[in-house]
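The values are calculated or read from the model by the stated rules, or taken from the named source; none is laboratory data. Bear in mind the structure is a predicted one, so any value in this text is a computation, not a measurement. Methodologically, a virtual Cβ is constructed for each residue, glycine included, from the backbone with ideal geometry; neighbour enumeration extends over all protein chains shown.
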Amino acid sequence: MAANQPSNQPSFNKAKSLDVEGQTQHELEIDELDYTKRGQWLRAAILGANDGLLSTASLMIGVGAVRKEVKIMILSGVAELVAGACSMAIGELVSVYSQYNIEMAQMKREVITKNMRVEELDAEKEKLPNPWHAAGASALSFAVGALVPLLGAAFIQYYAVRVAVIIEVVSCALLVFGGLGAFLGKAPVVKSSLRVLGVGWLWELLLV
């Protein structure tokens with residue numbers, strides 16, 4: 001009777017096999033379904049937040065190098081927030097609509113060639129990215145990112161201290177945005193945070 005036990009062990013281990021993240025295959029299938037749908041707007045949101053954060057901070061520091069008054073830096077940051085949010089929303093809407101139209105045209109061709117049923121077509125449509133969701137997420141996240149350096153510099157009179165605070169809050173925000181995006185997308189948090197921080201610093205060095 002004991003000799004029969006090892007024969008069941010491989011199938012049990014296979015059913016409960018773990019991947020590198022420590023998840024079972026069943027959990028991975030559920031996660032893949034959920035996070036794939038979430039990724040439709042997550043990419044736009046993270047991109048918008050990082051863009052708003054870095055571009056606004058770079059503009060404020062660049063303008064501050066010429067005019068060190070706090071009001072001038074704040075006005076330049078507000079102008080970047082408004083213009084950048086609108087630009088990101090429009091760009092995301094146009095680009096995602098182009099992707100949506102291409103995939104819809106392909107699905108319609110498959111309906112003819114593969115005799116796809118209406119139920120299958122509706123199910124496939126639900127997987128397509130929503131251009132309006134992407135545009136809204138991009139604009140909102142850009143504004144949130146742009147507010148970080150604005151609030152960091154708003155109440156500091158001395159220019160050198162103001163720039164130092166902007167760099168500090170931008171660095172912290174990069175870590176937070178990178179970690180948040182990784183957490184929502186079920187990716188390694190520490191690795192993603194450090195990658196976003198490193199790329200953000202490189203971007204700041206190139207622009208400033």
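A few points about this structure:
- Taking segment 93-125 as the range and being at pLDDT below 80 and of a type in the set (Gly, Ala, Ser) as the test, only 123 passes.
- Here segment 73-123 is the region considered, the condition is being surrounded by fewer than 16 Cβ atoms within 10 Å (Cβ to Cβ) and acidic (Asp, Glu), and the residue that is nearest to residue 62 (Cα to Cα) is 103.
- For the residues 160, 173, the requirement of being in contact with a helix residue (DSSP H, G or I) (Cβ under 9 Å, 6 or more places away or on another chain), part of a helix (DSSP H, G or I), among the small types (Gly, Ala, Ser) and at pLDDT 85 or above singles out 173.
- Tally, over segment 143-177, of residues that are closer than 11 Å to residue 49 by Cα, without any contact (Cβ under 8 Å) to a residue 24 or more places away in the chain and buried (at least 18 other Cβ atoms within 10 Å of the Cβ): 0
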